[in-house]
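Accompanying notes for the structure given below.
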Amino acid sequence: MLFAHFSLVIIASIFGFALAGPINLVERSSGLSCKPVNENTNELGYGNFFDGANITLGKKYDEHGQWQVTQLEDGAEFLSVNIRYCSSAYLNISDAGYSHNYGYVNFGKVFLAEDDRKCLQRHETLPSSEPNRHTHITIEDCSNVDDSSQLKQFWYFDTIRSAFNPLMKTSNKNTPYQPMPVFLSDSTPPAVLTSRTRSGQENSLFFPQ
């Protein structure tokens, strides 16, 4: 499976997106809606921006009962998801996406295919006051309330490159949201983590082209 590479620096620099427009299609709550399924896959990948995906992802409960996104090995199960582009009035994000010199960007959620009440998300908020903290990418109940909880659940999709990353809010009015790097833990199987600051980690999740 080949995937085009991309740079986090480039992504962050072109992250000025269209403001939220009219909410329509699949209504989830006031101000929050998602379009029909855009991608369905059980072949989510993990890799760096330069070489593309080289690891297949799965799902597994840890010893504390947390349902984590992990490498597909050591007892992990296949992970099948539905990708849907979404709008949030609270986040001021539109499902329409926008184009730029390096491709096309969308925003949305990654739902568990067998249960669309659950989605892939950051387990913790990771406030800017604690930039060095990290958290797992987990499978949890997907909130229908259009509030700050949506920031943990929305993803940045570079649709030309079939890659996506979690979002974080910034203080820059021109680029209010930026993609967060992802990386693997030292656990067995390795679990997907994310952090506001992870020097040298230019990785992403990928869906098949």
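Among the strands (runs of 3 or more DSSP E) confined to segment 79-190, the ones with at least 3 residues that are in contact with a Phe, Trp or Tyr (Cβ under 8 Å, 6 or more places away or on another chain) and among the hydrophobic types (A, V, I, L, M, F, W, C) are located at 81-88, 103-112, 163-169. In the condition set (1) more than 15 Å from K118 (Cβ to Cβ); (2) more than 15 Å from the chain's Cα centre (by Cα); (3) crowded, with 21+ Cβ neighbours inside 10 Å, Y85 is compliant with all but (2). With respect to T135, is the statement that it is in contact with a His (Cβ under 8 Å, 6 or more places away or on another chain), surrounded by fewer than 19 Cβ atoms within 10 Å (Cβ to Cβ) and farther than 21 Å from F78 by Cβ true? Against the criterion (in contact with a His (Cβ under 8 Å, 6 or more places away or on another chain), surrounded by fewer than 19 Cβ atoms within 10 Å (Cβ to Cβ) and farther than 21 Å from F78 by Cβ), T135 qualifies.
Read-outs throughout are calculated quantities, based only on the coordinates presented, and are distinct from any laboratory measurement. Computed from a prediction, not measured in an experiment: that's the story for all the values here. Glycine also receives a Cβ, built like all others from the backbone with ideal geometry; neighbour counts cover every protein chain displayed.
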